[in-house]
Amino acid sequence: MKPLKELGQNFLNDSSIAAEIAALADLKHGERIWEIGPGKGILTNEILAYDVDLTAFELDRRLEQPLKERFGNKLNLIRSDVLRVNWQELLDQSPQNVKLVANIPYQITSPLLSRLEEHRARFDKVVLMVQKEVAERLTAKVGTKDYGLMTIRMQLVFDIEIGLQVNRVFFDPAPNVDSAVIVMRPRQDSPRHRDPELFYRLIHHAFQHRRKTLRNNLLHMMTKLQLAALEKQSRFDLTRRGETFSETEFIDLCDLIAALTYSSESTK
Ligand code: SAM
């Protein structure tokens, strides 16, 4: 079977790494697990060793028969694009929350993270193999080069850590990037912000031109007058770059912008 690049088919070739990935999920008998892209089943096999209720989404129809032959009815196989299935409907088939464990095709990373962000309340744990650079961005600390929009968005709702680094030689064919397994748990202490839409607009603009000051980036989302008012009222030095602002600082700034915007709208 020729691996398809467009489906991100770089298969793990070391079952001890697959076992380590499954171990990171801390699986318990009877738990509800999702896997994306089981491929030839190297990770599937390790997950099923925990006697869990496993649903796997595989897009490549060539893999359907071999997976069915290998795992029989121990595996609920959905032969679909995981981004095209109705997550809400599937999640609602049981009141039980899900753990996701997967070595994903890297080209779906961004839309998949958005999906997880949206449905986070239904996931107890997410263990994902991703490109090493993505893992570094997801776990970055404020003020570092990897800290950015993706960091803030995902860290706002998940506690994220790197569970394992995986060199490219452990894949067939070997990709031209290294990988890492991230472990994400929904945050219990997720901060509340007054206006989520404004918050995402703020961080989007804050990182749009990384080398610019926050002040210059904010000019793309507010008038000079509003910015002057913000500078007057805020405790922040807006000549700092976006990457130096922590989550809490962005939230405070967002609340201030919201207050200013509402008051300037109400005086119109
Ligand atoms: N889990 C296997 C492993 O570790 O060897 C395979 C991993 S391989 C990186 C990614 C797998 O995802 C492939 O089997 C590919 O066919 C499948 N895949 C690609 N795009 C998909 C999608 N949108 N939905 C579901 N599966 C997909």
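The values are calculated or read from the model by the stated rules, or taken from the named source; none is laboratory data. Being a predicted model, the structure only gives us computed values, none of them experimental. No Cβ is skipped: glycine too gets one built from the backbone with ideal geometry, and neighbour counts run over all protein chains shown. Side chains included, ligands, DNA and RNA excluded: accessible areas come from the protein's heavy atoms. Shrake-Rupley method; radii C 1.70, N 1.55, O 1.52, S 1.80 Å.
With the structure loaded, tell me whether THR151 is out of contact with any helix residue (DSSP H, G or I) (no Cβ under 7 Å at 6 or more places or on another chain) and over 26 Å from TYR50 (Cα atoms) or whether it fails that test.
No; evaluated as a whole, the condition is false for this residue.
Scan region 45-71 for residues that are more than 7 Å from the ligand (Cβ to nearest atom) and touching a Pro at 6+ places or on another chain (Cβ under 7 Å) and report the count. First the steps, then the outcome.
Looking only at region 45-71, we keep the residues that are more than 7 Å from the ligand (Cβ to nearest atom), and these are 45-56, 61-62, 64-71.
Next cut, touching a Pro at 6+ places or on another chain (Cβ under 7 Å) only: 56, 67.
Number satisfying all stated conditions: 2.
Considering region 72-89 alone, what residues qualify as being open to solvent by less than 90 Å² (accessible area, probe 1.4 Å) and away from the ligand (no atom under 13 Å from the Cβ)?
Residues of region 72-89 that are open to solvent by less than 90 Å² (accessible area, probe 1.4 Å), as a first pass: 72, 75-83, 85-88.
Correct list: GLY72, ASN76, ASN86, GLN88.
Is it the case, given these coordinates, that ILE33 is near the ligand (Cβ under 9 Å from one of its atoms) and modelled with pLDDT of 95 or more?
Criteria not met by ILE33.
Would you mind stating whether GLU64 is under 23 Å from the mean Cα position of the chain (by Cα), in the same structural domain as PHE171 (by TED's automatic domain parsing) and at pLDDT 95 or above?
On the way: under 23 Å from the mean Cα position of the chain (by Cα): no; in the same structural domain as PHE171 (by TED's automatic domain parsing): yes; at pLDDT 95 or above: yes.
It is false that GLU64 is under 23 Å from the mean Cα position of the chain (by Cα), in the same structural domain as PHE171 (by TED's automatic domain parsing) and at pLDDT 95 or above.
Looking only at residues in region 27-68 that are in contact with a strand residue (DSSP E or B) (Cβ under 9 Å, 6 or more places away or on another chain) and among the polar types (S, T, N, Q), which one is most open to solvent (accessible area, probe 1.4 Å)?
If we take residues in region 27-68 being in contact with a strand residue (DSSP E or B) (Cβ under 9 Å, 6 or more places away or on another chain) and among the polar types (S, T, N, Q), then THR55 is most open to solvent (accessible area, probe 1.4 Å).
Within region 90-114, take every residue that is more than 13 Å from the ligand (Cβ to nearest atom), open to solvent by 30 Å² or more (accessible area, probe 1.4 Å) and under 18 Å from the mean Cα position of the chain (by Cα) and give me the one that is nearest to LEU54 (Cα to Cα).
Looking at residues that are more than 13 Å from the ligand (Cβ to nearest atom), open to solvent by 30 Å² or more (accessible area, probe 1.4 Å) and under 18 Å from the mean Cα position of the chain (by Cα), I get ASN97.
Kindly indicate whether ASP26 is closer than 25 Å to ASN167 by Cα, at pLDDT 95 or above and in a loop (DSSP other than H, G, I, E, B).
Considered against the rule, which asks whether it is closer than 25 Å to ASN167 by Cα, at pLDDT 95 or above and in a loop (DSSP other than H, G, I, E, B), ASP26 comes out as yes.
If I ask for residues that are part of a loop (DSSP other than H, G, I, E, B) and of a type in the set (A, V, I, L, M, F, W, C), which ones from region 136-150 would you list?
Hits for region 136-150 are ALA140, VAL142.
Is it the case that some residue within region 184-191 is over 23 Å from the mean Cα position of the chain (by Cα) and not aliphatic (A, V, I, L, M)? Give the derivation first.
Of the residues in region 184-191, the ones over 23 Å from the mean Cα position of the chain (by Cα) are none.
No, the conditions are met nowhere in region 184-191.
Being in a loop (DSSP other than H, G, I, E, B), open to solvent by less than 50 Å² (accessible area, probe 1.4 Å) and more than 6 Å from the ligand (Cβ to nearest atom) is the filter here, so list the residues in region 5-17 that pass it.
Hit for region 5-17 is ASP14, nothing else.
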